[in-house]
Amino acid sequence: MDWDFIAGHVNYWMFIVLMMTGLYIVVSSGNLVKKIVGLNIFQVAVFMLYISIGKITGGTAPIFPSDRQGHLEIDPTIVYSNPLPHVLILTAIVVGVATTSLGLALIIRIREEFDTIESDDLVKIEQQLTSADNKEHGEAMGGMA
Amino acid sequence: MTETIINFILFAMLISTAFAIVRMTSLFAVIMLASVFSLLTALLFVTLDAVDVAFTEAAVGAGISTVLMLGTMALTARHAKPQTQSNAIPFLVVCVTGAALIYGTMDMPNFGDPNAPAQVHVAPEYLERSIEEIDVPNVVTAILASYRGYDTLGETAVVFAAGIGVLLLLSGLARRRKEDEEEGDI
């Protein structure tokens, strides 16, 4: 554990702190909308980790400059960062929004059906429904279910 | 050096935003802070040389997601219930997972190392050859739309499927609501 190692890894650790904050919101919060926000934070932290793997110190964005005639001049002394993680994460951001919107639509349906978006209330409602079902079917079969 | 300082400042802002989200119970504030979080992320992506990702994140993360969440909030509830049960177990889970992840970074190459495996494998070939083969100055665009065009097609399919799912879940929402109100009147 020398200074170089710590300076080179502290970025990753900060991303992990952000990721864990997102995970904490997902696990501890009872509100479904807040859970989705937590998932988004987690997801964005993963994106940051991937993008930081492609970064090269002293590098620049992987876009080749062109002069006024539109002629490309590739200067071999310029270092470009790795474009592959950028491509992966572009796809992931769009897919992430698609899944978020699906989750939000599910929340709206849950609210319509049960009139709450708090998970502990939902658990109570589910238990009531199950015990009512058990009672009904138990009587039909002639005993406790 | 300047980049490192900017990174640290952005991180401090990101982490304080995330902690504020943990503590908030007003959903409107939570959603707005999530939008702020996305914008700060976009800034961080610019310092990490990912300009394309930065403006996608600013448009999609800070724009569209926020609008979707605000719509959901308008259709559901404005406030989250304050937590009742203890936070010890979630905190423990998060600490253990975080420790495992940090252990996983121990054998990763240093941040910004030009000789890291990710930098020396196929990435230089894309950078060298994309200008001859695709003739687009932006390498990210060249890879996204041409080399990995099928991935982007698959992504479109995922977005399409999600759109159909949302439509199926929400179709008839207004009709069912109206029927409920009419039943309530009788």
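Conditions (1) within 7 Å of chain A (Cβ to nearest Cβ); (2) under 15 Å from A:Val94 (Cα atoms); (3) over 20 Å from the mean Cα position of the chain (by Cα), marked per residue:
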residue: B:Ile134; (1), (2), (3): no, no, yes
residue: B:Asn138; (1), (2), (3): yes, no, yes
residue: B:Gly154; (1), (2), (3): no, yes, no
residue: B:Val158; (1), (2), (3): yes, yes, no
residue: B:Ala162; (1), (2), (3): yes, yes, no
residue: B:Gly165; (1), (2), (3): yes, no, yes
Check: Yes or no: A:Ile56 under 26 Å from B:Val67 (Cα atoms) and aliphatic (A, V, I, L, M)?
Finding: no
Check: When the residues of region A:100-118 are filtered to those that are within 7 Å of chain B (Cβ to nearest Cβ) and in contact (Cβ under 8 Å) with a residue 12 or more places away in the chain, which remaining residue is surrounded by the fewest Cβ atoms within 10 Å (Cβ to Cβ)?
Finding: A:Glu118
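Residue check: is A:Leu49 more than 7 Å from chain B (Cβ to nearest Cβ), within 14 Å of the chain's Cα centre (by Cα) and of a type outside the set (Gly, Ala, Ser)? Give the steps one after another, and end with the answer.
Numbers: more than 7 Å from chain B (Cβ to nearest Cβ): yes; within 14 Å of the chain's Cα centre (by Cα): yes; of a type outside the set (Gly, Ala, Ser): yes.
Criteria met by A:Leu49.
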Margin query: From the list B:Tyr126, B:Tyr147, exactly one residue is among the aromatic types (Phe, Trp, Tyr), facing chain A (nearest Cβ under 8 Å) and in contact (Cβ under 8 Å) with a residue 12 or more places away in the chain. Which is it?
Written below: B:Tyr126
Next item on the list: Tell me, yes or no, whether region A:116-125 has at least one residue that is β-branched (Val, Ile, Thr), assigned to a helix (DSSP H, G or I) and outside the structural domain of A:Val10 (by TED's automatic domain parsing).
Entry: yes
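Tell me which helices (runs of 4 or more DSSP H) are completely within region B:104-174 and hold 3 or more residues being under 28 Å from A:Thr99 (Cα atoms), or say none if there are none.
On the way: elements: B:117-120, B:123-133, B:139-142, B:149-170.
Counting at least 3 such residues, we get B:139-142, B:149-170.
The values are calculated or read from the model by the stated rules, or taken from the named source; none is laboratory data. Everything quoted here is computed from the prediction, not taken from an experiment. Don't worry about glycine lacking a Cβ; one is built from the backbone with ideal geometry, like all the others, and counts go over all protein chains shown.
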